[in-house]
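Handing you a structure now.
Every number in this text was worked out from the coordinates using simple rules, so none of it is lab data. From a predicted model like this one, the values you see are computed outputs, not experimental measurements. FYI the Cβ positions are ideal-geometry reconstructions off the backbone, even for glycines, and counts take in every protein chain you see.
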């Protein structure tokens, strides 16, 4: 029986600091999200060299050859399956040993399966990424239409300064990014957030019951053809 799992992003952890926090264990069922319990974890992220870690973050996610000759979807699925098998075999010899089903559950082997809930969640994630660009476009539209005369005048003065002194363009951009980073640094999470507790991220709060039933359906389907036709019409 699945009892849930905890996902913590490494980018939210500071090096050589111990985080002790309680996390809920959530599992998605055909009837919705169910809380299976809580777990108390003590997490510490260590690295041998900070420079090497920053260098790894600057590297591409995939090998350079992949961007020249990209792998097909079939090849990626095959590599993902082989990686799962290697991890499963290694952890089965650990102490205590982990079963293959546990490793597959932790690695989300069924993440490639399509569902309406996941597609909607991915859509809203993309919209969340583009929301910043949309806000900037609306801000420029307000400047263009003189919605706020003071802001428009200040932007025009700044534009004239950058035209007269183009060498200030890059320093201004870097200064702006630095100030944004300093501003958000004070609001950073004190405890590493549990990704699965953000139900809005996975869109499980407003999901239709039939969409959950479709997500947990067998392959091939075990539902009546009329229900399958209704789902296709809705899609």
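Just need log10 I(q)/I(0) for the chain at q = 0.11 Å⁻¹, Debye formula, equal scatterers on the alpha-carbon atoms, no solvent, rounded to two decimals.
Relative scattering, expressed as log10 I(q)/I(0), comes to -0.95.
If each residue's Cβ is checked for other Cβ atoms within 10 Å, how do 106, 127 rank with the fewest at the top? Don't skip to the answer; put the middle values down first.
Values: 106 15, 127 10.
So the residues, fewest neighbours to most, are 127, 106.
When the helix-only estimate is applied to the chain (DSSP H runs of n ≥ 4, each -39,500 (n - 2.57), divided by the residue count), what is the mean residue ellipticity at 222 nm, nearest 500 deg cm²/dmol?
-16500 deg cm²/dmol
Can you sort 167, 214, 104 by how many other beta carbons sit within 10 Å, fewest first?
On the way: 167 7, 214 21, 104 16.
By the 10 Å Cβ count, ascending, the order reads 167, 104, 214.
Next question, about the same structure. Compute the helix-to-body angle for 169-185: its Cα long axis versus the longest principal axis of the chain, expressed 0 to 90° and rounded to tens.
Roughly 50 degrees between the two axes.
I'd like the orientation of helix 116-144 relative to the chain: the angle between its Cα long axis and the longest Cα principal axis, in ° from 0 to 90, rounded to 10.
10
Report the Cα centroid-to-centroid distance between the range 45-60 and the range 105-124 in angstrom, as an integer.
29
Note down the relative contact order for the chain as a percent, whole number, built from C-alpha pairs under 8 angstrom at least six residues apart.
Working: 156 pairs, mean separation 63.3, N = 235.
Relative contact order here is 27 percent.
Turning to a different aspect of this structure: Nearest 10 degrees is fine. How inclined is helix 225-234 to the longest principal axis of the chain, computing both from alpha carbons?
Taking Cα atoms only, the helix is inclined about 0 degrees.
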